[in-house]
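Let me begin by presenting the structure, written as structure tokens, before commenting on it.
The values are calculated or read from the model by the stated rules, or taken from the named source; none is laboratory data. Predicted model, so just to flag it, every value in this text is computed and none were measured. Positions of Cβ are backbone-derived with ideal geometry, glycine not excepted, and every protein chain shown enters the neighbour counts. Areas reflect the complete protein model, heavy atoms only, side chains present, ligands, DNA and RNA absent. Shrake-Rupley method; radii C 1.70, N 1.55, O 1.52, S 1.80 Å.
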Amino acid sequence: MTLAGAVDWTFVGLAVTTTVLTGALLLWSLLERRGAAVRPRSDRRRPATAHGDPREALALVGDALAATHNPRVLLPVILEVITEATDALGGQVFVGGEEVAWVGEVGGTRKPLTLRLGFSADGDTTLQLFPPDSGFRRETRTLAEWLASQASVALDNARLHDVVQRQAITDDLTGLVNRRRFIEALDAEVERARRFGSSLAIVLADLDNFKQVNDEFGHHGGDVVLRAFADLVRSHVRDVDVSGRIGGEEFAILLPETDGAGAARVAERMRRSLNGVAIAISDEAAIFAASSFGVAELRTGQSGDDLLRAADAALYRAKDEGKNRVVA
């Protein structure tokens, strides 16, 4: 599937989700008029987010879909919806066998009604509903199964949206952020540093003699080296740092709350680590790679583009002075 196709299907899926949730509301109203629904219990011990009204609970799912596409955030809302609509005493959601959400009274001797909400990379997602003393009526079970099937659609759409979002900001080969996302993060961090008077630095890295790797080992060999360097970068940065591949063999690391000297130390550690690692290109061949680094610290009045240009100038000097070095 192309990225454009995935985006189209995401919007289609969200429209479908809105439709089926509206259908769920109509189905509930029909069952209620026929006397199939059990009235809410006044002693139910669960958060009062839906106030015992299934209509309001269904509306919460719509609000959640509008606010987030994170499946883990949607799951508690879905649990609340189905628990309220079926008058269950309580419910639990499991992902890959691990409990991720619960509401009301769970456990005990009552056999729960188990509903499948789909499958993700983390494993099967299931929902368990604990029945009232009188058990679930046949109509209530049907409603629960139908709501679960529509919740599965909502979760699939949320996962698809998450995949599309990652594809839009991630370099496929290395898993680092792409140039577009890096520039967005750079501009945001420059604004934050200006507002709070904090330090900010950037490191640019360009693999030395990379064309020779491609010429000798082909593009597959070059890809192996790029991925290995990306892994090395990840091992040397903090969670708050932003690492990206911004060109063919050019990488950038954004270091908030870090001055030029600190950034230079990070770059030097990366340089030495890279020099000391043999990268296996194949079962028969391994190479040692090197990289030049340019470091710059944000100065008063500089923009994100100014900072990037300063680091690029330092990187050019590192190449000009013999490569495999750090210049700030």
Discussion item. What distance in nm lies between label points placed 7 Å from Cα along the C-beta direction at S120 and R138?
Written reply: 3.6
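With a 1.4 Å probe and all protein chains left in place, how much accessible area per residue does segment 111-261 have, in Å²?
It amounts to 49 Å² per residue over segment 111-261.
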Practice prompt. Name the aspartates and glutamates eligible as straight-distance cross-link partners of K211: C-alpha to C-alpha under 15 Å, and not fewer than 8 places from it in the same chain.
Written response: D223, E249, E250
Fill in: Share of carbon and sulfur in the accessible heavy-atom surface of segment 131-231 [1.4 Å probe, %]
47
Response to the item:
Once both label points are put 7 Å beyond Cα along the C-beta direction, the S199-E284 separation in nm becomes 5.0
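Please sort by residue number the trypsin sites (Lys or Arg not before Pro) in segment 202-242 whose DSSP state is loop and whose Cβ has at most 15 other Cβ atoms within 10 Å. Mind dumping the intermediate values first?
Values: sites: K211, R227, R234, R238; in loops: R238.
Listed in order of number, the matching sites are R238.
Would you list V327, V100 from the most to the least accessible area, probe 1.4 Å? Write out the running numbers ahead of the final one.
Details: V327 10, V100 45 Å².
So, going from the largest accessible area down, we get V100, V327.
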Practice prompt. Compute the separation of the alpha-carbon centres of segment 198-232 and segment 244-284 and state it in Å as a whole number.
Written response: 9
